[in-house]
Amino acid sequence: EEGCPRHREPLEAFCREDAALLCAICRESRAHRGHSVLPLPEAAREFQEQIQARLRTLRDGRDKLLELREAEMRRNW
């Protein structure tokens with residue numbers, strides 16, 4: 001999106017509780033004032049770290065499955 005659909009301001013923060021992108025006006029509103037809000041670069045870095053951790057877990061699982069498959073194929077030969 002180009003910016004905040006409500007205020008037409010640039011999106012510059014991320015609300016953890018609502019998982020929403022916020023402009024400066026939304027960030028100071030009552031709806032988000034008490035929430036944990038991060039600057040966009042920091043939120044992006046956190047999400048990137050989470051994605052990388054999940055990707056490592058998936059790769060490890062895939063590697064184990066491939067090892068089991070190979071062992072089973074050798075056993076059948």
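Put simply, the amide H of L22, placed in the peptide plane, has neighbours under 5 Å in E12, A13, F14, C15, leaving out anything fewer than 5 places away on its chain.
Ligands, DNA and RNA left out, the accessible area of the range 11-76 computed with a 1.4 Å probe is 53% carbon and sulfur. With kT/(6 pi eta Rh) evaluated at 20 °C and eta = 1.002 mPa s, and Rh the Kirkwood radius from Cα pairs, the range 30-77 diffuses with a coefficient of 152 µm²/s according to Stokes-Einstein. To the nearest 500 deg cm²/dmol, what mean residue ellipticity at 222 nm is calculated for the chain from DSSP H runs of n ≥ 4 alone, each contributing -39,500 (n - 2.57), summed and divided by the residues? Value at 222 nm, helices only: -19000 deg cm²/dmol. Can you list the GluC sites (Glu not before Pro) in the range 3-44 that are in a DSSP coil and have 11 or fewer other beta carbons within 10 angstrom? Here the GluC sites (Glu not before Pro) that fit, given the DSSP loop and packing criteria, are E17. Helix 40-76 and the longest principal axis of the C-alpha atoms of the chain enclose an angle of approximately 10°. For the range 14-30, putting each phi into the Karplus relation 6.51 cos²θ - 1.76 cosθ + 1.60 with θ = phi - 60° gives couplings of 10, 8, 5, 4, 9, 6, 10, 7, 10, 8, 4, 5, 4, 4, 8, 5, 4 Hz, in residue order, rounded to whole numbers and with x for Gly and Pro. What the range 11-76 shows is 81 Å² of accessible area per residue, with the surface traced by a 1.4 Å probe over protein heavy atoms.
The values are calculated or read from the model by the stated rules, or taken from the named source; none is laboratory data. Model, not experiment: these values are computed from the prediction. Cβ sites come from the backbone with ideal geometry, for glycine too, and all protein chains shown count toward neighbours. Ligands, DNA and RNA are stripped out before the accessible areas are found, and what is left, the full protein with its side chains, is counted by its heavy atoms. Shrake-Rupley method; radii C 1.70, N 1.55, O 1.52, S 1.80 Å.
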